[in-house]
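The values are calculated or read from the model by the stated rules, or taken from the named source; none is laboratory data. Nothing here was measured: the structure is a model prediction, and the numbers come from that model. Quick note on the areas: whole protein, heavy atoms, side chains included, nothing else; ligands and nucleic acids left out. Shrake-Rupley method; radii C 1.70, N 1.55, O 1.52, S 1.80 Å.
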Amino acid sequence: IDFDLILENVKDLNVLAGEGISQIEHTPGGARLRQPEPLPLTLYQNGIVMFNGPFRPYEDPSTQQCLQDITDGYFPSELQMHYPDGI
C-alpha cells in the first residue's frame, strides 16, 4: 500500500470537496456561512476506519476497493450511497 500516494490524493480530493471554502446556508431571517462536514478516515498499519465506523482490515475486498479508488484519484465509490448528489 502506497500510503504517500493515498495521503497526497486525499489532500487533492479534500480540495475538490471544498475544504476551506464556506457555503452560504439560508436561515429564517438571514443566512450564515457553513463549512462542509468532514468525512473522517483513519489509516492504521493493518486497516482503516471511515465514518467512525467499524475497523476494516486491508484484506477486506471493500477496503481494497476503497483504497484503490483513492489511489486512482477518485472519491471512494462506496460514498455514492451517502452522497448521491456528489460530495
Candidates 57, 28, 38: whichever shows maximal mean-square fluctuation once the chain is modelled as a Gaussian network with Cα springs under 10 Å: 28
Accessible surface ranking that places the most exposed of 34, 56 first, with a 1.4 angstrom probe: 34, 56
Cα-based helix-to-principal-axis angle, 61-71 vs the chain, degrees rounded to 10: 60 degrees
Rounded to the nearest 10 Å², the accessible area of residue 71 at probe 1.4 Å: 50 Å²
Hz values of 3J(HN,Hα) by residue in region 43-55 - Karplus curve (6.51, -1.76, 1.60), Gly and Pro given as x: 9, 10, 4, 10, x, 9, 10, 10, 6, 6, x, x, 5
Rounded accessible area of residue 77 (nearest 10 Å², 1.4 Å probe): 60 Å²
Average Cα contact separation per residue, the chain, under 8 Å, 6 or more apart, as relative contact order %: 21 percent
Region 2-86 - accessible surface per residue (Å², probe 1.4 Å): 73 Å²
Using alpha-carbon coordinates, inclination of helix 3-16 to the longest axis of the chain, degrees: 20 degrees
Rounded percent of accessible protein surface that carbon and sulfur make up, the chain, 1.4 Å probe: 54 percent
Accessible area (Å², 1.4 Å probe, nearest 10) - residue 15: 90 Å²
Cα Rg, Dmax, the chain, angstrom units: 15.1, 51
Solvent-free Debye scattering, log10 I(q)/I(0), computed from the Cα coordinates of region 21-62 at q = 0.15, 0.22, 0.32, 0.34 Å⁻¹: -0.55, -0.72, -1.06, -1.12
Protein-only accessible surface order, largest first, of 74, 83, 44 at 1.4 Å: 74, 44, 83
